[in-house]
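S.K.: Below: one structure in structure tokens.
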Amino acid sequence: MTPIALTSVSYLVLGLVGRAGGATPYDLKRWVGESIGNFWTFPHSQLYSEPARLAEAGLLEQQQEPTGRRRRTYSLTDDGLEALRRWLREPTVEPPQIRDLALLKLYFGQFVSPDEVAAQARVQEAAHRARLARFTAVDAHLADHDPEEIAYSRATLRLGLLSEEAFVRFWSEIAERPPQGP
């Protein structure tokens, strides 16, 4: 076992592999696209390299198909579970990151007309309504699953729903009444 520095992606991989009981890098990429990728972005190429790095450190166990595509499936080791638990117990106090290009454009809206600001706001409102509809559909789909298995996924999704509702309300207000200077 080689000690390594663990990153947020390391913990994401440990958590997903542990939740599933085993996974290939492709599984990880697919699951991230359906869940975590909706609120936490990072280069998905890391999902192909990170499991091997974690296996080398003894945090994941790797099994490779002997023939065919020779896919690698990873499972969580006891050391990997302990590393994940230690990380989960650490308090997190960093502020959330909002990196919204539309918000940046609004900040500089004084350089275009109020009608142009309103038009941009309507585009944002529509985009957030669509995302809210997707999240609502996911929530309805999760309602058909065992509540104990999906409780934490659903709690995370709830913040996504509340955030999208707030974005819809915000951009709707900007579209109706764009800010105007003195």
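Please treat every number below as a calculation from the coordinates, not as lab data. On a predicted model such as this, the values are computed, not experimentally measured, just so you know. Cβ atoms come from the backbone with ideal geometry, glycine included; neighbour counts cover every protein chain shown.
S.K.: Once a ≥ b ≥ c are taken as the square roots of the eigenvalues of the Cα gyration tensor of the stretch 98-182, is the result rounded (a/c under 1.5), prolate (a/b larger than b/c) or oblate (a/b not larger than b/c)?
M.R.: Working: a/c = 3.98, a/b = 3.03, b/c = 1.31.
Here the stretch 98-182 falls in the prolate category.
S.K.: Let me ask another. Mind giving me the nanometre distance, one decimal, between the label points for Gln110 and Glu149, set 7 Å out from Cα along Cα→Cβ?
M.R.: Here the answer is 5.5 nm between the modelled labels.
S.K.: Output the 0 to 90 degree angle, nearest 10, between the alpha-carbon long axis of helix 147-176 and the longest principal axis computed from the alpha carbons of the chain.
M.R.: The answer is roughly 20 degrees.
S.K.: Could you please tell me the mean projected area of the C-alpha convex hull for the stretch 8-89, averaged over all directions and given in square nanometres to one decimal? Don't skip to the answer; put the middle values down first.
M.R.: On the way: hull surface 21.4 nm².
Value for the stretch 8-89: 5.4 nm².
S.K.: What is the sum of charges around Leu132, taking Lys and Arg as +1, Asp and Glu as -1, for the other residues whose C-beta is under 9 Å from the C-beta of Leu132?
M.R.: Numbers: positive: Arg129, Arg131, Arg134; negative: Glu164, Glu165.
Residues close to Leu132 contribute a combined charge of +1.
S.K.: Largest first and to the nearest Å, give the Cα extent of the chain along each principal axis.
M.R.: 67, 38, 37
S.K.: If each of Leu142 and Arg19 carries a label point 7 Å out from its Cα toward its Cβ, how far apart are those two points in nm?
M.R.: So the label points at Leu142 and Arg19 sit 0.9 nm apart.
S.K.: Please work out the FRET efficiency for the pair Gln180 and Val123, using the Cβ-Cβ distance as r and a Förster radius of 25 Å; give the result to the nearest 0.05. Mind dumping the intermediate values first?
M.R.: Details: r = 20 Å, r/R0 = 0.78.
Using R0 = 25 Å, I get an efficiency of 0.80.
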